[in-house]
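Single-structure report; data block below.
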Amino acid sequence: MKPALTLKVVLASLLSAPLLWLAWRVQLDINQPGTGLGPDAGETLVHYLGEWSLVMVLIAFTISPMRRWTGFSGWLRSRRMVGLFAFAYVVLHIASYLVFYLNLSWQALFEDFVERAYITAGMLAFFCLLLMTLTSTRGWQRRLRARWYQLHQLIYLAIGSALVHLWWLTRDGYLEVALYSLWFVLLCVERWAGSARFIWRTGARQPPG
Ligand code: HEM
């Protein structure tokens, strides 16, 4: 198997593992309520999927640096797949919130959106990811050309607002959210340092997309 394809298969297996684990816990809970997901199954689902959504989005953001660090361009062939995984986790996170917290009430969703700042921040992150997912195909890449790269800078806003979402809803134990934020900040610094080096060396006005 070609190295890029092998990497894709390995990544796909690793990224699906949390969902398979969740499916296992759900079936345990169906057979014997309370055993797989704890006393509040809805809350467990929302939190578990929220946590993994953030990890997946951060992994997607880490793919380009992996290419730079390892010199292996096959990483870029997996970038779209990892982004789609991240989006799928976010959709499941929101779906579990809609079903278990709001009983599928759109009125309640609107009220939460207006009244709870952490929901507003989460929705902003979701809409950025939605736009990026819809335009992630080769067709859109060709159609939008240079504007495609500009549009996909939305990843910064998406992760930034997902982190705000998490900072806002966290009431104690800030270590985890601090570590996620550090992960994001370090990747931003790495990207900006790389762009600055490129501009410095070549005299170009902009780094390549
Ligand atoms: C990119 C988008 C999003 C990411 C990465 C994300 C991530 C997270 C994370 C990491 C948590 C905390 C889990 C934990 O405590 O272990 C969380 C909780 C939560 N999220 Fe999201 N989220 C996103 C979007 C949304 C959206 C759009 C909504 C609602 C419309 C939402 C609703 C919630 C709720 C209700 C909780 C639990 C709050 C609580 O029980 O205290 N999230 N999310």
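The values are calculated or read from the model by the stated rules, or taken from the named source; none is laboratory data. Quick caveat, the model's predicted, so the values are computed rather than measured. Reconstructed Cβ throughout: ideal geometry from the backbone, glycine too, with neighbour counts over all protein chains shown.
Hey, among the residues in region 128-153 that are surrounded by 18 or more Cβ atoms within 10 Å (Cβ to Cβ) and within 13 Å of the ligand (Cβ to nearest atom), which one's farthest from residue 76 (Cα to Cα)? That would be 128. Here residue 62 clears all of (1) touching a residue at least 40 places away in the same chain (Cβ under 8 Å); (2) in contact with a Leu (Cβ under 9 Å, 6 or more places away or on another chain); (3) within 12 Å of the ligand (Cβ to nearest atom) except the condition numbered (3). Of the candidates 39, 3, 33, the single residue that is under 26 Å from residue 169 (Cα atoms) and exposed (fewer than 12 other Cβ atoms within 10 Å of the Cβ) is 39. I'd like to know if region 163-172 contains one or more residues that are within 12 Å of the ligand (Cβ to nearest atom), crowded, with 16+ Cβ neighbours inside 10 Å and hydroxyl-bearing (Ser, Thr, Tyr). For region 163-172, residues within 12 Å of the ligand (Cβ to nearest atom), crowded, with 16+ Cβ neighbours inside 10 Å and hydroxyl-bearing (Ser, Thr, Tyr): absent.
Considering region 97-109, the residues that are part of a helix (DSSP H, G or I) and within 12 Å of the ligand (Cβ to nearest atom) include one that is farthest from residue 77 (Cα to Cα), namely 108. If I filter region 92-124 down to residues being in contact (Cβ under 8 Å) with a residue 40 or more places away in the chain and within 30 Å of residue 138 (Cα to Cα), which single residue comes out as surrounded by the most Cβ atoms within 10 Å (Cβ to Cβ)? Out of the qualifying residues, it is 122. Screening residue 94 on (1) among the β-branched types (Val, Ile, Thr); (2) over 12 Å from the mean Cα position of the chain (by Cα); (3) farther than 24 Å from residue 179 by Cβ shows it passes everything except condition (3). Report yes if residue 49 is surrounded by 17 or more Cβ atoms within 10 Å (Cβ to Cβ) and either within 25 Å of residue 121 (Cα to Cα) or within 14 Å of the ligand (Cβ to nearest atom) (or both), otherwise no. So residue 49 fits the description; yes. Contact map, region 172-199: residues that are closer than 17 Å to residue 69 by Cβ paired with residues that are surrounded by 12 or more Cβ atoms within 10 Å (Cβ to Cβ) and of a type outside the set (Val, Ile, Thr), Cβ distance under 6 Å, separation 6+ or inter-chain. Pairs shown: 183/58; 187/61; 190/65; 195/207; 198/207. Taken over region 64-83, the criterion of being in contact with a helix residue (DSSP H, G or I) (Cβ under 8 Å, 6 or more places away or on another chain) and in a loop (DSSP other than H, G, I, E, B) is satisfied by 72, 73, 78.
Would you check if residue 54 is modelled with pLDDT of 95 or more, assigned to a loop (DSSP other than H, G, I, E, B) and within 15 Å of the ligand (Cβ to nearest atom)? So residue 54 fails the test. Among the residues examined, residue 89 does not qualify as away from the ligand (no atom under 11 Å from the Cβ), surrounded by 13 or more Cβ atoms within 10 Å (Cβ to Cβ) and within 26 Å of residue 78 (Cβ to Cβ).
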